[in-house]
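Working notes, beginning with the structure itself.
Nothing in this text is a laboratory measurement; each read-out follows from the coordinates by a stated rule. The model shown is predicted, which means the values in this text are computed figures rather than measured ones. We place every Cβ from the backbone using ideal geometry, glycine too, and count neighbours over all the protein chains shown.
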Amino acid sequence: MGTVQQAGGGWISTGLQWRDGRPVLSAVHGRRVHERVAEPGTPVGWLLGGPRRCTGAWLAGATERTPCPHHAEIEPDGGAVQCPACQSVDRGLALARDQILDDGRTYRLYLAWFGDGQLKVGLTAEQRGTSRLLEQGALAWTFAARGGLPAVRRAELTIAASGLARERFNARTKPDHWWSPGDAAHRRTLLLDARAAAHRLLAGHAVELLADDPVADHVALFGLADGAPAAYGRIESLAPGAVVAGTLRPPIGRHLLLDQPDGGEPLLLDTRLLTGWTLTQAVGRPASGLTVRPRARPEVPDTQEALF
């Protein structure tokens with residue numbers, strides 16, 4: 001993405017997904033798809049054209065995205081990347097809203113750690129592997145159980161009701177924990193203890209408990225072994241004519257960190273904000289037209305009250 005232009009409407013960004021452990025940027029032109037692995041060190045540049053449009057829906061049984069039949073416009077700075085009509089038929093949204101009671105597939109229950117005090121419980125279709133955990137930006141996680149959708153969903157609700165883990169977190173709070181993710185041993189111990197507690201809660205549930213599943217750690221994969229940059233600018237909104245540009249650092253979930261050529265602070269982009277914009281190649285141009293909020297690592301408080 002960023003290397004192709006197409007006449008008659010252009011390539012529309014569909015954001016970033018993880019496939020087979022790799023972050024892939026994608027764009028569509030009708031039913032044509034253009035994909036590019038987001039390799040660290042790659043310079044990128046995109047000129048945004050509007051209006052921002054719905055990217056369609058994943059329908060039940062489909063192996064690819066179905067384009068929006070209405071070519072509908074969506075809010076330029078909103079979080080939704082689909083129009084109401086596509087939202088109403090999207091399989092993933094229906095699953096998240098408990099509108100699908102059973103679909104015959106096997107699901108896995110996971111526990112995911114996003115930072116101290118942020119332990120999440122969730123489920124993912126077994127056929128998706130680890131993509132959902134990578135796309136969420138989980139710093140560490142483990143599978144806890146597997147089974148049919150109704151049983152795994154009941155297990156998820158049981159754990160959430162206990163207070164052991166939560167079903168949802170505000171995505172905007174996740175970066176607050178990137179500066180100091182701690183050490184791998186701490187994350188592993190916390191998740192193993194949480195899984196043991198979850199298994200006690202799930203005694204008698206109609207799921208297969210996964211007592212020996214490994215703990216996965218994504219901190220190094222996301223380039224956070226030494227924490228996030230001490231200061232960066234978080235892109236808050238985009239507009240027609242804006243240029244998103246820089247050199248890629250390792251993606252973190254669906255976020256891109258872009259180093260700036262002038263040595264300025266990196267920019268952080270949630271690629272869901274990019275989704276729906278028509279993109280034209282703009283490599284070599286400086287970033288411009290962006291609404292950016294400065295972010296900085298909090299100072300460690302001095303707790304020493306006196307020398308003697």
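Read phi for every residue in region 129-137 and hand back ³J(HN,Hα) as whole Hz from Karplus 6.51 cos²θ - 1.76 cosθ + 1.60, θ = phi - 60°, with x for Gly and Pro.
Here the 3J(HN,Hα) series is x, 9, 4, 4, 5, 5, 5, 6, x Hz.
Quick one: Karplus J couplings for region 189-197, per residue in order, coefficients 6.51, -1.76, 1.60, θ = phi - 60°, nearest Hz, x for Gly and Pro?
So the Karplus estimates, Gly and Pro as x, are 4, 4, 5, 5, 5, 5, 5, 4, 5 Hz.
Using 0.36 nm times the number of residues separating residue 32 and residue 203, minus their current alpha carbon distance, what extension gain do you get?
56.8 nm
Can you figure out the FRET efficiency of residue 225 with residue 88, using R₀ = 45 Å and their beta-carbon distance, to the nearest 0.05?
Approximately 0.60, to the nearest 0.05.
Taking a point 7 angstrom from the Cα of residue 293 along the C-beta vector, which residues in region 254-270 have backbone N less than 19 Å away?
Hits in region 254-270 for residue 293 at 19 Å: 254-258, 265-270.
Return the sequence-ordered ³J(HN,Hα) values of region 114-124 in whole Hz as given by the Karplus equation 6.51 cos²θ - 1.76 cosθ + 1.60 applied to θ = phi - 60°, using x for Gly and Pro.
Those phi angles translate into 10, x, 4, x, 10, 10, 10, 10, x, 9, 8 Hz.
Of the residues 191, 157, 248, which exhibits the maximal mean-square fluctuation in a Gaussian network model of the chain defined by a 10 Å Cα contact cut-off?
157
Name the residue, out of 282, 242, 203, whose mean-square fluctuation peaks in a Gaussian network model built on the chain with Cα pairs under 10 Å.
It is 203.
How far, in nm, would the chain grow between residue 260 and residue 80 when pulled straight, counting 0.36 nm per residue and subtracting the alpha carbon separation?
Result: 62.0 nm gained on full extension.
Report the extension gain between residue 234 and residue 127 in nm, rounded to one decimal, defined as 0.36 nm multiplied by the number of residues separating them, less their alpha carbon distance.
Residue separation times 0.36 nm, minus the Cα-Cα distance, leaves 35.2 nm.
Given a 10 angstrom Cα cut-off, can you work out which residue in 285, 195, 105 is the most mobile in a GNM of the chain?
Top of the fluctuation ranking is 105.
Quick check: convex hull of the Cα atoms in the chain, volume per residue, rounded to a whole Å³?
Value for the chain: 151 Å³ per residue.
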